[in-house]
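Encoded as structure tokens, the structure appears first; notes follow it.
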Amino acid sequence: MIDNKTLFHISYGLFVLVARQGEKDNACIINVAQQVTNDPLQLMICVNKQNLTHDMVLRTLKFNLCPLSEEATMKPFQHFGFQSGREVDKFAECRQELRTDNGLLYLPKFINAVISCVVTKSIDLGTHTMFIARVMEARQLSASPSITYAYYQQHIKPGPRLEVGGQNNSDLKPHTSDMKKWVCEVCGYVYEGDELPDDFICPWCKHGKSDFKLME
Ligand code: FE
């Protein structure tokens, strides 16, 4: 048997992954990044193919990996994680001079380091691509500890917020209906209805049904 919750015992970090193609800067949030060898200094990241940043890294073979720190609020997750670079310029209001030697951007806050890499190998994993990369530059930016996915769940993610009939009910009125409710475990969005459709996609964070839990 496979108890999927067993996988929650593996620890994950959270990172802003930055790429640049032509004049376009973009970034997304990833939770799989790891140093894999020391000599040469190499690391591994896994990126969902649905992310524009994925395609940019695949084409340019360059990225900046920025570990999110305990200074992070929900803002970088919403800004870089819950919207697509295909629709918005995520760096429109960012200081453009904050670039590493490879010409890629990094954030002025919320992160504690920036690691510039060149991809040496990519492995197709179906929904994701694993990139193996050489570290070319690495700068520490803050002494604030890196966050884990568990830290995000406990300290950063907002509590469940109810959305009824497609309208965001932001004043947090108490539940009055007896319909069932499912909460997105990634972002806190609440779906209310008789049944959560199999193809439901969270409107806030774009995760699917498997990330929703029935509220008691
Ligand atoms: Fe969500």
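Numerical summary
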quantity	calculated
All positions within the stretch 189-216 that are at pLDDT below 85 and within 12 Å of the ligand (Cβ to nearest atom)	P203, W204, C205, K206
Conditions (1) open to solvent by 40 Å² or more (accessible area, probe 1.4 Å); (2) over 20 Å from A143 (Cα atoms); number of the one not met by E70	(2)
Every residue from the stretch 83-102 that is within 16 Å of the ligand (Cβ to nearest atom) and open to solvent by less than 40 Å² (accessible area, probe 1.4 Å)	S84
Candidates S146, S142, filtered to the one that is more than 23 Å from L58 (Cα to Cα), among the polar types (S, T, N, Q), in contact (Cβ under 8 Å) with a residue 24 or more places away in the chain and open to solvent by 60 Å² or more (accessible area, probe 1.4 Å)	S146
Test: residue in the stretch 42-52 that is open to solvent by 40 Å² or more (accessible area, probe 1.4 Å), more than 15 Å from the chain's Cα centre (by Cα) and charged (D, E, K, R)	no
Residue within the stretch 18-35 that is in a helix (DSSP H, G or I), open to solvent by less than 70 Å² (accessible area, probe 1.4 Å), hydrophobic (A, V, I, L, M, F, W, C) and within 18 Å of K109 (Cβ to Cβ) present	no
Residue tally, condition under 24 Å from R99 (Cβ atoms) and surrounded by fewer than 22 Cβ atoms within 10 Å (Cβ to Cβ), over the stretch 1-17	1
Pairs where the first residue, in the stretch 104-133, is farther than 15 Å from I30 by Cβ and the second is open to solvent by 40 Å² or more (accessible area, probe 1.4 Å) and hydroxyl-bearing (S, T, Y), C-beta under 7 Å, 6+ apart	N112/S146
Matching option when the condition is within 16 Å of the ligand (Cβ to nearest atom) and either at pLDDT 95 or above or β-branched (V, I, T) (or both), among V118, V135, V186, V114	V186
Looking only at the stretch 103-128, and only at residues there that are assigned to a strand (DSSP E or B) and of a type in the set (S, T, N, Q), the one that is nearest to I45 (Cα to Cα)	S122
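The values are calculated or read from the model by the stated rules, or taken from the named source; none is laboratory data. Given the structure is predicted, the values throughout are model-derived calculations rather than measurements. Ideal geometry is used to build each Cβ from the backbone, glycine not excepted, and the neighbour counts take in all protein chains shown. Heavy atoms of the whole protein, side chains included, go into the accessibility calculation; ligands, DNA and RNA do not. Shrake-Rupley method; radii C 1.70, N 1.55, O 1.52, S 1.80 Å.
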